[in-house]
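*Asks:* Below are the C-alpha cells for one structure; questions will follow.
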Amino acid sequence: MEDASGLQGRSALITGGASGIGAAIARRLAALGAAVQIVDLDLAGAQAVATETGGEAWQLDLSEPATLGGIELEADILVNNAGIQRVSPIEDLDPDMFHKMLMIMVEAPFRLIRSALPYMYGRGYGRIVNVSSVHGLRASPYKSAYVTAKHALEGLSKVTALEGGPHGVTSNCVNPGYVRTPLVEQQIADQARVHRLAESAVLETIMLTHNAVKRLVEPEEVAALVGWLVGPDAAMVTGASYTMDGGWTAQ
C-alpha cells in the first residue's frame, strides 16, 4: 500500500476527471491521501470516479465563461486537465470551434487559477499542475487550435509560477505525447482522413513517428508524474514543463 502521508489533509480539484488522464490523476491523488473533487461535463462519469475514489463530483461546462463566474475555489491542489481536440486544416476549421478550444484549455484554467490563488495564498501552500502536451512545445499540422491553446497554457503556467512562488504556490506543466485515452483514439479516423492514410497506419506513421519509444503513454504514467509534482518532494519545482513523450522533443 502507498504511503498516503504526502497528501493527507490536502484537497485536490481535477478538471476533465471523468475519464482518461483526469480519472487516473484522481485515483492517484486519492491513493496518496488527498480529498478529490472531480469536475467534468459528463456528470455520470464524474460521479463514477468520485464513488471509486471517495471524492465529490461537480458538473461544469468549461466552454461557457458564465459557469465560472464568481467561483471561489478552496483547494490545495488544482489540476487543469480538461481538453478537446479537432484535426483539421486551418482553412476548414470553424472559428467557433477554435474559440471553444481556447476557452476550455486556456481561459478556463486562467479563471480557475484566479479563483484558487486567494485560498492558496492564505494558506501559504498550493500546487497547480497544467496538463499540457508535447504540442505545448512542438507543432503538428492540422492542429492549429490545440497547439495554440497548449502553447498559451505553458505561458500561463510560467507566469503563475513567478507570481505564486513567494506565497508557497508552485505551477508546472506535464507534457505527454499521445496517451492511450478516448481523446486520442477518437483522432485516428480524422488523422487518416487529412493525411490520406489507412486508419491502421496512423499510430506508427503519425502518432509515434517522432518517438524513440514506440508506444502510447499510459494515463497512469502521467498520473504518477502529477502525484510527484504535487507532493512534498517537489516543493522547489516550479515554472517547469515535464515531457513524457518517448523522446519526441529530444530531436
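The values are calculated or read from the model by the stated rules, or taken from the named source; none is laboratory data. From a predicted model like this one, the values you see are computed outputs, not experimental measurements. FYI the Cβ positions are ideal-geometry reconstructions off the backbone, even for glycines, and counts take in every protein chain you see.
*Asks:* Does ARG27 satisfy the criteria of being closer than 25 Å to GLU218 by Cα, out of contact with any Cys (no Cβ under 9 Å at 6 or more places or on another chain) and at pLDDT below 95?
*Replies:* No: the conditions fail for ARG27.
*Asks:* Against the definition (crowded, with 18+ Cβ neighbours inside 10 Å, over 14 Å from LEU13 (Cα atoms) and basic (Lys, Arg)), how does ARG111 come out, yes or no?
*Replies:* No; evaluated as a whole, the condition is false for this residue.
*Asks:* A follow-up question, please. Any residue at all in the range 97-107 that's in a loop (DSSP other than H, G, I, E, B), more than 18 Å from GLY16 (Cα to Cα) and either modelled with pLDDT under 95 or of a type outside the set (D, E, K, R) (or both)?
*Replies:* Checking the range 97-107: not a single residue is in a loop (DSSP other than H, G, I, E, B), more than 18 Å from GLY16 (Cα to Cα) and either modelled with pLDDT under 95 or of a type outside the set (D, E, K, R) (or both).
*Asks:* While we're here: Go through GLU56, GLU52, GLU74, GLU91 for me and flag whichever is within 22 Å of GLY168 (Cα to Cα) and among the charged types (D, E, K, R).
*Replies:* GLU74
*Asks:* Any chance you could count how many residues in the range 70-95 are over 17 Å from THR160 (Cβ atoms) and polar (S, T, N, Q)?
*Replies:* Residues in the range 70-95 being over 17 Å from THR160 (Cβ atoms) and polar (S, T, N, Q): 2 in total.
*Asks:* Still on this structure: Of all residues being without any contact (Cβ under 8 Å) to a residue 40 or more places away in the chain and among the small types (Gly, Ala, Ser) in the range 201-251, which is farthest from PRO176 (Cα to Cα)? Just the residue, please.
*Replies:* Filtering first and then ranking leaves ALA201.
Residue-wise test of (1) buried (at least 18 other Cβ atoms within 10 Å of the Cβ); (2) modelled with pLDDT of 95 or more; (3) outside any helix (DSSP H, G or I); (4) in contact with a Cys (Cβ under 9 Å, 6 or more places away or on another chain).
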position	(1), (2), (3), (4)
PRO166	no, yes, no, no
THR170	yes, yes, yes, no
ASN175	yes, yes, yes, no
ASP190	no, no, no, no
LEU197	no, no, yes, no
ALA201	no, no, no, no
LYS214	no, no, yes, no
GLU221	no, yes, no, no
GLY227	yes, yes, no, no
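*Asks:* Another one. Between a first residue in the range 58-82 that is exposed (fewer than 14 other Cβ atoms within 10 Å of the Cβ) and a second residue that is aromatic (Phe, Trp, Tyr) and modelled with pLDDT of 95 or more, which pairs have beta carbons less than 8 Å apart while being 6 or more apart in sequence or on different chains?
*Replies:* As it stands, the answer is GLU72/TYR119, since those pairs meet every condition given.
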